[in-house]
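Below is one structure, written out as structure tokens; the observations come after it.
What follows draws every value from the coordinates through simple rules; no lab data is involved. Here the structure is a predicted model, which is why all the values come from computation and not from measurement. No Cβ is skipped: glycine too gets one built from the backbone with ideal geometry, and neighbour counts run over all protein chains shown.
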């Protein structure tokens, strides 16, 4: 009912009708002119299926496990403890409660949507004001796949890869601060600074208390694990539309044809528009990041939609000696901070019930990722001067 009351009335016929048709047929007409209409449709369906089976279900599994952990942390007071201990750190840096650091940890160990498993728990939500909740999307995404990215980059056959990956982590932290702070600033204008996030508990929870289940410690443990896992299932389902729809488009705009430059209609083929665009802008981007070769720009462009694919591109470049220690630092920072945010941001904002702030989240995180990469490069430059 709430979604219906938020809708507006508009005339049936107007400029929007024609603009929608022009943009729709313009976009897919341009893609089909290069791939072929049949191949384009087959690729879209195959890519969507591949994303559903290999990405969405993987993210759902992560969300279930993360949900189970968050359920236990909530039931046994870990959230309250962490909030009390880390509030003095998180508030001045991010303007967020200390409890949000648990979301950072979850995402660093797994992937972006892991932070959502906390957001439906009253023992977590009670610490947040309304303007702070949407910023959790930016915070969690800044650390998504952090452990996987860092360890993979450390294993590259590049001199100083371990140190460079750690520098990249520092760059990602700087980018996360910029992204979250920009998002917080925008949300303050939208929601004000006083209203607290709604909780499902009918009774007001005293400041020094938390909500727990009835029964022994053992039964509470089992129930919190299962309830948290069920929340993870709900979160996993809620992100499927955003990931499948947005990432399919990103893949088509990022990937190229099959071997031999031939389109076959298979999954993960595309017109390579974004890498082409990146090369056109390389005269600006390469100096900012200190990239050693022009094709390096393909890595951050790919990281917009998929960190895993971006890491794979780095591995191929490293095999032929096209990656430097500076590149590793910048790649780590950007792959961590962006971590495929175009694929997940829309779905995460929808799951939080804050779709109206999605545009601001995307803009804020775009800037944050750029700052992360530039920061990593500048740190490398400074260390080389010492």
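Over segment 1-138, the fraction of Cα-Cα pairs per 10 Å bin, rounded to whole percents and listed from the shortest bin up, is 10, 25, 20, 23, 17, 5.
Extent of segment 179-263 along its three principal axes (Cα atoms, max minus min coordinate, largest first): 64, 41, 19 Å.
Relative contact order for segment 243-338: 22 percent, from Cα pairs under 8 Å spaced at least 6 residues apart, divided by residue count. Ordered by the count of other Cβ atoms within 10 Å of each Cβ, fewest first, 348, 19 give 19, 348. Net length available on complete extension from residue 200 to residue 245 is 13.1 nm, with 0.36 nm assigned per residue and the Cα-Cα distance removed.
Convex hull volume per residue, computed on the Cα atoms of segment 248-310, equals 91 Å³. With each run of n ≥ 4 DSSP H residues scored as -39500 (n - 2.57), what mean residue ellipticity at 222 nm is computed for the chain after dividing by its residue count and rounding to the nearest 500 deg cm²/dmol? Dividing the helical sum by the residues of the chain leaves -22000 deg cm²/dmol. The alpha-carbon positions of segment 12-59 define a convex hull whose volume is 109 Å³ per residue.
Could you work out the Kirkwood radius for segment 23-93, taking every pair of different alpha carbons, averaging 1/r and inverting it, reported in Å? Could you put the intermediate results ahead of the total?
Values: mean 1/r = 0.0611 Å⁻¹.
Averaging 1/r across every pair of different Cα atoms and inverting gives 16.4 Å.
Taken over the alpha carbons of segment 51-210 as equal point scatterers, the Debye sum produces base-10 log I(q)/I(0) values at 0.11, 0.16 Å⁻¹ of -0.48, -0.95. Were the residues from residue 18 through residue 363 laid out at 0.36 nm apart, the gain over their Cα-Cα distance would be 121.5 nm. As a size descriptor, the averaged projected area of the C-alpha convex hull of segment 212-300 was calculated at 10.7 nm². Evaluating kT/(6 pi eta Rh) at 25 °C and 0.890 mPa s, with the Kirkwood radius of the chain over Cα pairs in the Stokes-Einstein relation, gives 111 µm² s⁻¹.
Kirkwood radius and radius of gyration were both taken over the C-alpha atoms of segment 262-386, and their ratio Rg/Rh is 1.01. Extending 7 Å from Cα along the Cβ direction at residue 41 and again at residue 319 yields two label points whose distance is 3.6 nm.
Please compute the length gained on full extension between residue 350 and residue 281, using 0.36 nm multiplied by the number of residues separating them and subtracting their Cα-Cα distance.
Roughly 21.6 nm would be gained on extension.
The percentage of C-alpha pairs in segment 133-290 whose separation is greater than 18 Å is 80%. Its alpha carbons give segment 142-204 an Rg and a Dmax of 18.7, 59 Å.
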